[in-house]
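Visitor: Take this structure first; my questions come after.
The values are calculated or read from the model by the stated rules, or taken from the named source; none is laboratory data. Bear in mind that the values here come from a model prediction, so they are computed numbers and not experimental data. Using ideal geometry, Cβ is built from the backbone for each residue, glycine included, and neighbour counts are taken over all protein chains shown. Quick note on the areas: whole protein, heavy atoms, side chains included, nothing else; ligands and nucleic acids left out. Shrake-Rupley method; radii C 1.70, N 1.55, O 1.52, S 1.80 Å.
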Amino acid sequence: MLGLADTNENDQQAVYIEFKETLERNEAGWYQAGLPWKGSHPALPTNELGSKKRLGHLIRRLKKNDLYEEYNEIIEEQLQQGIIEAAPEVPTRNEFYIPHKAVVKKEAESTKVRIVYDASAREDATKPSLNDCLHPGPPLQNQLWDILVKSRFNPVLLTGDLRKAFLQIRIRQEERDSLRFHCKEPNSEELKVYRFTRALFGLTSSSFLLAGVLNHHLDSWKDRYPELTKELREGLYVDDLMTGGTTVEETAGKKVMVSEVFEDATFSIHKWHSNAKELEGDGESSAENLTYAKHQLGGVEPGGKLLGLPWDRDGDTFSVRVTVKDCTTKREILSEIAKVYDPLGIPSPVLLVPKLLYRDICDGKISWDGQLPEPLLNQWKVWQSSLTEEITVPRPLAPYRIAVTAIELHSFGDASSRGVCAAVYAVVYQGDEVTQGLVCAKSRIAKRNLTIPRLELVAGHMAVNLVSNVARVLSDF
């Protein structure tokens, strides 16, 4: 009646607006944010007993694997860097103790330990966790698919990682007691209580806080570098950065400006990688220094990765791995199919075969761990034997270091009684040079009881959607 609309308490845009209103910046350049608490979240228990119990289990495992000293050194280093601090005896506002554990990745040279914090831990099944009480925030990060498609049209590609990006964001002092944790030094019985001063791995809102800070910071630079800040905003995937240009000289200039922009907010960029060796930076690749995005997308690759896809920078190609193991059950087959990481649909025709086989297995009403009949097993083995270890394609569809003058997109769709598919090809003009290649593809099992004309319509719809998305991503070219 008053012309005012009620706001849903879970309205994530309202969360973002409040975040921007309360974001603070120090004279040194770093940003400080509050945690996005749900307005009517249930009372948050301390989880103190659960944290102590899990610490006891953790210490026994660390001693057994001779990792206790290394684990403690990480905590001591964080204390010296101000990432954590001693918690006061009397807490302010919400008090919560976050359990933690060691994740071990054995690399060629040494064993690397990473500490992971479990903000989803509950005091008991009826009580909320810290993550239950926090808003995840709106999805501010870019779509991985968009960045990969765009990367294929840069003759010179440059990637970098924001070093320990989450830990550059300070948390307001009055909210830090919800980020407490217990620890003990080796050869000591004293139980110490620390709390985080920064955003950390494990919080449901960490990705939102990072993206919100980066968006705000890029806004502050857009008057000075309007084109660059737009490119950076569209080339960030959590804490991984992708940019590029037509020539090495142009991209080298961007590299300098990118470093300037992020250093202004105390973010540093490391592990610069490029198909142009002149632009390569430091070669850090240890598991300890992996960004959040790389942890999610598969970690270290000897030749490098491009948002999870193996990237051979010397040959400037990327690959999709389709190697699978011998399988005898429905569960194993589904697991192997799901392991193939294929964001652009490059091996779509190859992957349609096991999907059809899986549907046949489901039609047979075979239990998850029941032995597959011989005919189905033979189909799996035939498909498995037909695979190559990798399917490799050129990364650049604009391979010449000449400005792109025009791009034509051609989309195709087709259907049969077993499957439907769509593919988008690009014809790229660079001066007198013309390059043609597959941009992306998609396939799916045909729905039963549909006529071929109807399935053709489905394929046409897929083709239009796919080319529309590619055209949207390339709108600036």
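Visitor: Taking the mean number of other Cβ atoms within 10 Å as a proxy for protection, how do you rank 178-184, 310-316 from highest to lowest? Display every interim value, and only then the final one.
Guide: Values: 178-184: 22.4, 310-316: 16.4.
With the highest mean Cβ count within 10 Å placed first, the list reads 178-184, 310-316.
Visitor: Also, quick follow-up: Quick one: grab Rg to one decimal and Dmax as a whole number for the range 357-477, Cα atoms only, in Å.
Guide: Computed over the Cα atoms of the range 357-477, radius of gyration and Dmax are 19.6, 60 Å.
Visitor: Using heavy-atom solvent-accessible surface (probe 1.4 Å) with all chains present, what is the largest-first order of Asp219, Asp66? Don't skip to the answer; put the middle values down first.
Guide: Numbers: Asp219 70, Asp66 135 Å².
Descending accessible area places them as Asp66, Asp219.
Visitor: Hey, with R₀ at 60 Å, roughly what FRET efficiency would Val464 and Val104 work out to, going by the Cβ-Cβ distance, to 0.05?
Guide: Once rounded, the FRET efficiency stands at 0.80.
Visitor: Does anyone have the angle between helix 12-22 and the longest principal axis of the chain? Alpha-carbon axes, 0 to 90°, nearest 10?
Guide: Once rounded, one gets 50 degrees.
Visitor: Here's something else I'd like to know. Using the Kirkwood radius built from alpha carbon pairs, what does the Stokes-Einstein equation give as D for the range 99-191 at 25 °C and 0.890 mPa s, in µm² per second?
Guide: Estimated diffusion coefficient is 135 µm²/s.
Visitor: Mind checking the angle between helix 226-235 and the chain's longest principal axis? C-alpha axes, 0 to 90 degrees, to the nearest 10.
Guide: Result, in degrees: 80.
Visitor: Label points 7 Å out from Cα along the Cβ direction at Glu27 and Trp383: separation in nm?
Guide: Result for the modelled spin labels: 6.5 nm.
Visitor: If you don't mind, there's one more thing I want to ask. DSSP loop (so not H, G, I, E, B), at most 14 other Cβ within 10 Å: list which trypsin sites (Lys or Arg not before Pro) in the range 356-443 pass both filters.
Guide: Lys365, Arg418
Visitor: Which order do Tyr341, Tyr194 take when ranked by solvent-accessible area (1.4 Å probe, heavy atoms of all protein chains), largest first?
Guide: Working: Tyr341 70, Tyr194 15 Å².
Output order, biggest surface exposure first: Tyr341, Tyr194.
Visitor: In degrees between 0 and 90, to the nearest 10, how far off the longest principal axis of the chain does helix 206-221 point, with axes built from Cα atoms?
Guide: 80
Visitor: Can you give me the long-range amide H partners of Ser205? Hydrogens built in the peptide plane at 1.01 Å from N, cutoff under 5 Å, separation of 5 or more residues or another chain.
Guide: Under 5 Å from the amide H of Ser205 lies no amide H from a residue far enough along the sequence or on another chain.
Visitor: Leaving ligands, DNA and RNA out of it, report the carbon-plus-sulfur percent of the accessible area of the chain at a 1.4 Å probe.
Guide: 50
Visitor: Right, next: Kindly provide the GluC sites (Glu not before Pro) of the range 382-414 that DSSP labels as loop, not H, G, I, E or B, and whose Cβ sees at most 16 other Cβ atoms within 10 Å.
Guide: Glu389
Visitor: Between Asp66 and Ile452, what is the label-to-label distance in nm when each label sits 7 Å out along the Cα-to-Cβ direction?
Guide: If labels sit at Asp66 and Ile452, their model points lie 6.8 nm apart.
Visitor: Still on this model: Round to the nearest 10 and report in Å² the accessible area of Lys305, as given by a 1.4 Å probe over the protein chains' heavy atoms.
Guide: That residue has around 50 Å² of solvent-accessible surface.
Visitor: Here's another thing I want to ask about it. If the cut-off is 23 Å between C-alpha atoms, which lysines fall inside it for Lys127, apart from same-chain ones fewer than 8 positions away?
Guide: Lys38, Lys52, Lys53, Lys101
Visitor: So, in nm, how far is label Glu278 from label Phe412 when the simple model puts each one 7 Å beyond its Cα toward the Cβ?
Guide: In this crude spin-label approximation the distance works out to 3.8 nm.
Visitor: Here's something else I'd like to know. Looking at the range 138-197, which GluC sites (Glu not before Pro) are DSSP coil and have at most 13 other C-beta atoms within 10 Å of their C-beta? It would help to have the intermediate numbers written out before the result.
Guide: Working: sites: Glu174, Glu175, Glu189, Glu190; in loops: Glu189, Glu190.
Passing both the DSSP loop test and the Cβ count: Glu189, Glu190.
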